[in-house]
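Only one structure is covered here, and it is reproduced in the block below.
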Amino acid sequence: MTESPDALIVGAGAVGLACAYELARHGANVVVLDAAPRAGTGASMTNAGLLVPSHVDPLPSWGNIRAGLASMVSREGPFQLEPYGSLAPWMARFVYHAGGERHRRAANHLRTLARQSFAMHKAYFDSGLATGYSQSGMIDIFHRRSSFERAATVQRNRTDCAVLTAAEVHDFLPACQASGAVGGVRFEQEGFCDSTSLCTALVRECESLGVRFIYGAHVTRLRQHREAVTGADTLDATYTSRHVVLAAGSWSRKIAATAGINVPLEPGTGYILDFDSVEGDPTMPVAFADHRMVVTPYPDRLRVTGMMLLTGPRPSIDHRRVGALRGEASRMIPSLMHRRPRKVQIGQRPCTPDGLPVIGPSERRTGLIMATGHGQSGIILAPITGRLVHSYIADSAPGEHAQACVPDRFSSMRTQVGTLCSSSTAAASGSRH
Ligand SMILES: Cc1cc2nc3c(=O)[nH]c(=O)nc-3n(C[C@H](O)[C@H](O)[C@H](O)COP(=O)(O)OP(=O)(O)OC[C@H]3O[C@@H](n4cnc5c(N)ncnc54)[C@H](O)[C@@H]3O)c2cc1C
């Protein structure tokens, strides 16, 4: 044990790095530990990089449950559920939170935080961070008339998007002309970043502010003194600090458990295929709404992302799934048919059952601040998470939307789900008599 910084951050993904940056630029002395040999090797390099607050939505919804059930039997569809130990209680909470009003409230919190964070991404880029940020806009395209009409009705009154006919979609996206799109919606104010560049830029800024990174530091447990978390043990060292920020993405659950804290996180695996770019590729991100697939154009590659698989913590690449995603992408963008993916990866989204991230101090363990559970929105939400972690450490009020993300909400959730289960059991037994 060699030092005691103001904050010790576990995890150097986009979230941990944004926390380090926001703390360091306010004068804190910060140490970051990561098990990997460099920063940004978790989900933060395997994603679509979208910065689109309008699309940020809590995962638990009846639409996703229906889609999940529909593709459960297929090994190639965009969703897959494979029951394993911790999934059943997580799913019970997930279903509870899919309900209309609960989903709407969570969506409001999430989108508000995403809008604030989007502004911070822009500010990072404007201040010189080479994050690959681009306010390119984004297009959703639809191949089913019913889903297009639904989306068009919802979006028609908004001033920041335009509903497109099939012909207009083809004008914007000649690469998708043969895909049979029936219409689209174009969002003008949003964009994307290159999450690998974002991580590299944040590391550079942090280092210039004196943040110390320790790689190959696999945290085995959080250190405790009475009710307080006071540091972390790695395989070969001990680090102490008054504030320990747990930002280890999908791995946070296991680490939090060493301090007796239950964070119901499950990894939602996604697939990423990178192709060489060619002329005529889309110039802005495209979401193929009916196929739950996204294409993001980077200067040197076209990235296809898709799938949400709740199949356990240690997935490996399934080549049938790669083939399915590649086949779907080639039907949407026929020029992909002749390109082989130059890189295939999987990434794990750290998913909570209520669809909100877990940000803030633990009431049960002083000294522990959680910054995890960002699910499908960790890239867009990274800067605001860093700002919130800084406000908690600086003792300033985080605001209503951040309150919805506090870690201890899960203890009351257990009661709610318990009540739900016992009332349905009571109703069921009532109906038998
Ligand atoms: C297919 C796909 C598409 C996505 N698209 C988008 C998108 O368009 N927009 C968006 O905003 N988000 C998107 N996401 C989600 C986003 O990528 C994640 O929410 C985000 O990367 C999570 O960041 P993180 O820093 O919390 O976790 P990670 O990036 O996973 O980082 C966790 C870090 O913790 C370290 N670690 C783990 N265990 C230990 C340990 N024991 N000791 C020390 N270190 C440890 C790991 O090495 C890793 O560096 C997508 C994700 C996927 C998979």
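How many of the residues in the stretch 319-377 are over 15 Å from ALA247 (Cβ atoms), more than 12 Å from the chain's Cα centre (by Cα) and either at pLDDT below 95 or not in a loop (DSSP other than H, G, I, E, B) (or both)?
Residues that pass the stated criteria total 26.
Of all residues in the stretch 2-36, count the ones that are in a loop (DSSP other than H, G, I, E, B), near the ligand (Cβ under 9 Å from one of its atoms) and more than 19 Å from the chain's Cα centre (by Cα).
Of the residues in that region, 2 qualify.
Please work out if ARG340 is within 12 Å of the ligand (Cβ to nearest atom) and more than 24 Å from SER61 (Cα to Cα). Even if it seems obvious, please write down each step before you answer.
Details: within 12 Å of the ligand (Cβ to nearest atom): no; more than 24 Å from SER61 (Cα to Cα): yes.
Judged against the criteria, ARG340 is not a match.
Starting from the stretch 51-65, keep only residues that are under 12 Å from GLY137 (Cα atoms), then list their pairs with residues that are β-branched (Val, Ile, Thr) and at pLDDT 90 or above whose Cβ atoms are within a distance under 9 Å, requiring at least 6 positions of separation or different chains.
LEU51/ILE379; LEU51/ILE380; VAL52/ILE380; PRO53/THR112; PRO53/ILE380
Assess whether SER44 counts as being near the ligand (Cβ under 7 Å from one of its atoms), within 28 Å of ALA247 (Cβ to Cβ) and among the hydroxyl-bearing types (Ser, Thr, Tyr).
Working: near the ligand (Cβ under 7 Å from one of its atoms): yes; within 28 Å of ALA247 (Cβ to Cβ): yes; among the hydroxyl-bearing types (Ser, Thr, Tyr): yes.
For SER44, the condition - near the ligand (Cβ under 7 Å from one of its atoms), within 28 Å of ALA247 (Cβ to Cβ) and among the hydroxyl-bearing types (Ser, Thr, Tyr) - is met.
Take the residues in the stretch 217-252 that are among the basic types (Lys, Arg) and in contact (Cβ under 8 Å) with a residue 24 or more places away in the chain, then tell me which one is nearest to the ligand (Cβ to nearest atom). Walk me through how you get there before you give the answer.
Let us first name the residues in the stretch 217-252 that are among the basic types (Lys, Arg), namely 221, 223, 226, 242.
Restricting the remaining residues to those that are in contact (Cβ under 8 Å) with a residue 24 or more places away in the chain gives 221, 242.
Details: ARG221: 9, ARG242: 19 Å.
The residue in question is ARG221.
Name the single residue that is farthest from ASP290 (Cα to Cα) among those in the stretch 70-90 being in contact (Cβ under 8 Å) with a residue 12 or more places away in the chain and touching a Leu at 6+ places or on another chain (Cβ under 8 Å).
LEU87
Just to check your reading of the model, which residue among VAL185, VAL154 is loosely packed, with under 13 Cβ neighbours inside 10 Å and among the β-branched types (Val, Ile, Thr)?
Working: VAL185 fails: loosely packed, with under 13 Cβ neighbours inside 10 Å.
The unique qualifying residue is VAL154.
Yes/no per residue for (1) of a type outside the set (A, V, I, L, M); (2) at pLDDT 95 or above; (3) part of a strand (DSSP E or B):
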site	(1), (2), (3)
LEU129	no, yes, no
GLY132	yes, yes, no
ASP140	yes, yes, yes
SER147	yes, no, no
THR153	yes, no, no
ASN157	yes, no, no
ASP171	yes, no, no
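For the stretch 56-67, which positions are more than 12 Å from the chain's Cα centre (by Cα) and surrounded by 19 or more Cβ atoms within 10 Å (Cβ to Cβ)? Spell out how you get there, then give the answer.
In the first step, residues of the stretch 56-67 are kept if they are more than 12 Å from the chain's Cα centre (by Cα); the result is 60-67.
Hits for the stretch 56-67 are PRO60, SER61, ASN64.
What is the residue count in the stretch 378-405 for residues that are of a type in the set (A, V, I, L, M), under 21 Å from the mean Cα position of the chain (by Cα), modelled with pLDDT of 95 or more and more than 13 Å from the ligand (Cβ to nearest atom)? Before the answer, list the steps.
As a first pass, look at the stretch 378-405 and keep what is of a type in the set (A, V, I, L, M): 379-382, 384, 388-389, 393-394, 397, 402, 404.
From what is left, the residues that are under 21 Å from the mean Cα position of the chain (by Cα) are 379-382, 384, 388-389, 402, 404.
Keeping just the survivors that are modelled with pLDDT of 95 or more gives 379-382, 384, 388-389, 404.
When the remaining residues are screened for being more than 13 Å from the ligand (Cβ to nearest atom), the result is 388, 404.
Final tally of qualifying residues: 2.
Could you tell me which of the residues GLY268, GLY231 is within 30 Å of SER146 (Cβ to Cβ) and in a strand (DSSP E or B)?
GLY268
Look at ALA48 and say whether it is in contact (Cβ under 8 Å) with a residue 40 or more places away in the chain and touching a helix residue (DSSP H, G or I) at 6+ places or on another chain (Cβ under 6 Å). If you could, list the steps in order and put the result at the bottom.
Numbers: in contact (Cβ under 8 Å) with a residue 40 or more places away in the chain: yes; touching a helix residue (DSSP H, G or I) at 6+ places or on another chain (Cβ under 6 Å): no.
Against the criterion (in contact (Cβ under 8 Å) with a residue 40 or more places away in the chain and touching a helix residue (DSSP H, G or I) at 6+ places or on another chain (Cβ under 6 Å)), ALA48 does not qualify.
The values are calculated or read from the model by the stated rules, or taken from the named source; none is laboratory data. Not measured: the values here are computed from a predicted model. With ideal geometry, Cβ positions are generated from the backbone for all residues, glycine too; neighbour counts draw on all protein chains shown.
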